[in-house]
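Here is the structure we will look at.
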Amino acid sequence: QVQLVESGGGLVQAGGSLRLSCAASGIIVNLKARGWYRQAPGKQRELVARITPPGNTNYADSVKGRFTISRDNAKNTVYLQMNSLKPEDTGVYYCNAERFLHPTSWGQGTQVTVSS
């Protein structure tokens, strides 16, 4: 099993930036993709960004042009650079790791709060 540890959340004002990090406990065997999801109060969890080992990425329409997902394979870490933050970006952000023929691993979540 792989453990994911997230960091970088916090309180920022609208228009500000945050960089989230998610470090895995080790190399993730049979990795399919790594992604960031978020859940706002009273709403369902939604995909924010996702990246596959070849480097293919996809983003929620609401964050395109503002957020960037990246990875450092040597550190087993995935990042989410969030710029031009809006109050509607507020929520708990979760990192995951999808694996072929294995259950998806999830981090504990990190709170991001964007004030007006």
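The values are calculated or read from the model by the stated rules, or taken from the named source; none is laboratory data. The structure presented is a predicted model; accordingly, all values stated were derived computationally and were not measured. Surface areas here come from the heavy atoms of the whole protein model, side chains and all, with no ligands, DNA or RNA. Shrake-Rupley method; radii C 1.70, N 1.55, O 1.52, S 1.80 Å.
Would you count, across the chain, every pair of lysines whose alpha carbons are under 24 angstrom apart, provided the pair is eight or more residues apart or spans two chains?
Values: Lys32/Lys64; Lys32/Lys75; Lys43/Lys64; Lys43/Lys86; Lys64/Lys86.
Close lysine pairs found across the chain: 5.
Send over a whole-number figure in Å² for the accessible area per residue of the range 59-116, probe 1.4 Å.
Numbers: 2930 Å² over 58 residues.
The answer is 51 Å² per residue.
Output the Kirkwood hydrodynamic radius of the chain, Cα pairs only, in Å rounded to one decimal.
Values: mean 1/r = 0.0709 Å⁻¹.
For the chain, the Kirkwood estimate is 14.1 Å.
Over the chain, calculate the relative contact order: mean separation of alpha carbon pairs under 8 Å at least 6 apart, over the residue count, as a percent. Don't skip to the end; give the middle numbers.
Numbers: 279 pairs, mean separation 43.0, N = 116.
For the chain, the relative contact order is 37 percent.
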